[in-house]
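To start, the structure itself, in structure tokens.
The values are calculated or read from the model by the stated rules, or taken from the named source; none is laboratory data. Please read these numbers as outputs of a predicted model, since none were measured by experiment. Please note: Cβ atoms are built from the backbone with ideal geometry, for glycine as well, and neighbour counts cover all protein chains shown.
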Amino acid sequence: MRYTATLPGCDIDLSDNTNLWGSPPAVKRVLSDLDGCAFSRYPSAYSDDLKRALARYAGVDPSMIVVGCGSDDVLDSAIRSLAAPGGTLAQLDPSFTMIASFAAVSGLSVIGISPASADMASAFADSNADLIYLCSPNNPTGTVCSRDLIERVIAGGRGYVIIDEAYAEFAGASSIGVLQVRDNVLVTRTMSKAFGLAGFRIGYAVGSPDLIDRVEAARGPYKVTTVSERVALAVLEEDMEWVAGTTRAAVANRRRFAAELSAAGHSPLESEANFVLVPVADAASIARKLRACGIAVRCFARLAGIGDAVRISIGPWPMMERCLNAFSAAQS
Ligand SMILES: *Cc1c(COP(=O)(O)O)cnc(C)c1O
């Protein structure tokens, strides 16, 4: 199934959790001086310079990094390389919608695990899945998996575990530490959310060198363009304060936004990402009304255990204030 992105023509797009403060300053500088880039040649086959910079950022050896055309590409390559057609993938329900498509195209059936299970780790182990996908903080709920749950899922499963940390910067917590002792775990990350570089399509994963080799073989060469690699290197080198600053602002505004929603009688889920999920009676109708006010949100119908909900990305406060006003008007 093709992914439906937000239609153009809204003033404020709170639908895809990208960085609403924009892109880091190094982007303009790099793009204004591309002399010396040999554009008739292929980029680096596996982006070794970028691997080194990301390894420094993640605190691991470069042999433990694979980069890709967004973390979607890394996730797709990982799913293709770590489970054979006819196999199974277990994930929380609800979780990141792309995973079911990648699994389907790879010939895997998906087993949904309820986050309300009395013992989630046992539910994952009992699924006997070839591949387990955990997303923490989870998209679309924003909730984090506890360290204890992650440890028990890794210890209890018979296959590989992918931990998607697209929003780790906002939670201030990561599972990369558990990798020092496990070789069946892959942690995926992205520069599309906290780093403000979604348009450059840069994702990566951290895992044991053997696992990284397998994912990279499935991924193939030349996935990150010459320009994207340059931009990512410059941002990692020069703009970490910008990234940290907009991340702090997103976390502060998320707390304030959730508090205002709660005060207005709504029950946003406890989020540790740069978005909140708000259960509503009729998500399509709320999304339509917000859209009429120029605001795009992501609309979910009948989520397991939650019902209808809208997912709202967090940005600078004036955007959030406009969203709050439109949201309360849309209820009536
Ligand atoms: C946004 C997102 C990604 C993918 O991001 P890329 O732009 O492909 O790097 C991966 N996982 C989750 C949970 C996301 O929300």
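Numerical summary
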| quantity | calculated |
| --- | --- |
| Scope segment 301-318; condition in contact (Cβ under 8 Å) with a residue 60 or more places away in the chain, surrounded by fewer than 20 Cβ atoms within 10 Å (Cβ to Cβ) and closer than 23 Å to ASN19 by Cβ; matching residues | PRO316, TRP317 |
| Residue match in segment 163-173 (condition: surrounded by 24 or more Cβ atoms within 10 Å (Cβ to Cβ) and among the β-branched types (Val, Ile, Thr)) | yes |
| Where a residue in segment 187-200 is in contact (Cβ under 8 Å) with a residue 60 or more places away in the chain and its partner, wherever it lies, is more than 9 Å from the ligand (Cβ to nearest atom) and assigned to a strand (DSSP E or B), with Cβ under 9 Å and at least six apart | THR188/ILE162; THR188/ILE163; THR188/ALA205; THR188/VAL206; ARG189/ALA205; ARG189/VAL206 |
| Those residues of segment 287-298 which are in contact with an Asp or Glu (Cβ under 8 Å, 6 or more places away or on another chain) and either buried (at least 20 other Cβ atoms within 10 Å of the Cβ) or among the hydrophobic types (A, V, I, L, M, F, W, C) (or both), in sequence order | ILE295, ALA296, ARG298 |
| Verdict on SER271 being crowded, with 21+ Cβ neighbours inside 10 Å, within 24 Å of PRO140 (Cβ to Cβ), within 16 Å of the ligand (Cβ to nearest atom) and at pLDDT below 95 | no |
| Residues satisfying the stated conditions in segment 47-106, i.e. part of a loop (DSSP other than H, G, I, E, B), buried (at least 17 other Cβ atoms within 10 Å of the Cβ) and either away from the ligand (no atom under 16 Å from the Cβ) or hydroxyl-bearing (Ser, Thr, Tyr) (or both) | SER47, VAL60, ALA83, GLY87, SER95, SER106 |
| Test: residue in segment 280-287 that is without any contact (Cβ under 8 Å) to a residue 12 or more places away in the chain, under 15 Å from LEU14 (Cβ atoms) and assigned to a loop (DSSP other than H, G, I, E, B) | no |
| Segment 21-40, residues that are touching a residue at least 24 places away in the same chain (Cβ under 8 Å), farther than 19 Å from ALA249 by Cβ and assigned to a loop (DSSP other than H, G, I, E, B) | LEU34, CYS37, ALA38, PHE39 |
| Of residues in segment 130-149 being within 15 Å of the ligand (Cβ to nearest atom) and of a type in the set (Gly, Ala, Ser), the one surrounded by the most Cβ atoms within 10 Å (Cβ to Cβ) | SER136 |
